[in-house]
């Protein structure tokens, strides 16, 4: 799929408007759509309606659940991070996921006193998942939808939109991963520790190397399964 110069201009303007409006991880679809005009709404509907299987995605639909009412808001002031993680100054975790993550992070820190496991992103409303997708599509992959859909799932396929089995994008104190070289996280102390111990806390690397879902390797992406 190709996008015309006009399409790109419309999407750039819409993304700028969205970022200025501070749409966040708990924002509703109505909030997002209120920022559209007829041109941007048509393009947004087209992107949301894409069949990701035509672009190599092989994952399953994620059951859509109401926005969690017991969500824990995590300020990200201590994260030296740019790119998509700057789109919201907070991360959000359902209480049961937060409790499991906290236990895991405490254990990691006890073994590595100078290191921390931090949350770059957790639960995302479907609206915010679209914002993340648009950001990567426009700002990182220069309107290459095929590459984008191998890194960012549409809301109905995203583990970040699951309340019961929320995925966490983990970040370390050095700011890894980055948009420019995300898989560098595989070389970190944090990743090595997670491979050994994360399962004990209910977290699983759901997009490992050569995963059957057709998603790029995401060593920082760990899904809570209880």
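Side notes on the structure shown:
- Positions within region 120-134 being more than 18 Å from residue 67 (Cβ to Cβ) and modelled with pLDDT under 95, in sequence order: 120
- Only residues that are at positive phi and without any contact (Cβ under 8 Å) to a residue 12 or more places away in the chain were counted in region 108-148, giving 1.
- Scanning region 181-217 for residues that are out of contact with any strand residue (DSSP E or B) (no Cβ under 6 Å at 6 or more places or on another chain), farther than 22 Å from residue 56 by Cβ and assigned to a loop (DSSP other than H, G, I, E, B) yields a single hit, 188.
- Residue under evaluation residue 162, criteria (1) at pLDDT 95 or above; (2) in contact with a helix residue (DSSP H, G or I) (Cβ under 8 Å, 6 or more places away or on another chain), criterion not met: (2)
For every residue, the table says whether it meets (1) crowded, with 16+ Cβ neighbours inside 10 Å; (2) at pLDDT 95 or above; (3) within 12 Å of residue 104 (Cα to Cα); (4) touching a helix residue (DSSP H, G or I) at 6+ places or on another chain (Cβ under 6 Å).
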residue: 188; (1), (2), (3), (4): yes, yes, no, no
residue: 191; (1), (2), (3), (4): yes, yes, no, yes
residue: 197; (1), (2), (3), (4): no, yes, yes, no
residue: 203; (1), (2), (3), (4): yes, yes, yes, no
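- Residue within region 71-88 that is in a loop (DSSP other than H, G, I, E, B), at positive phi and either surrounded by fewer than 16 Cβ atoms within 10 Å (Cβ to Cβ) or without any contact (Cβ under 8 Å) to a residue 40 or more places away in the chain (or both) present: no
- Some residue of region 105-119 being modelled with pLDDT under 95, surrounded by 18 or more Cβ atoms within 10 Å (Cβ to Cβ) and under 18 Å from residue 217 (Cβ atoms): no
- Failed item in (1) at pLDDT 95 or above; (2) in contact with a helix residue (DSSP H, G or I) (Cβ under 6 Å, 6 or more places away or on another chain); (3) part of a loop (DSSP other than H, G, I, E, B), with residue 138 passing the rest: (3)
- Hey, residue 172 over 19 Å from residue 216 (Cβ atoms) and modelled with pLDDT under 95 or not: yes
- Considering the conditions (1) surrounded by 13 or more Cβ atoms within 10 Å (Cβ to Cβ); (2) at positive phi, residue 22 is excluded by exactly one of them, (1).
The values are calculated or read from the model by the stated rules, or taken from the named source; none is laboratory data. Small disclaimer: the values here were computed from a predicted structure and weren't measured. Every residue, glycine as well, gets a Cβ built from its backbone with ideal geometry; the counts of neighbours run over all protein chains shown.
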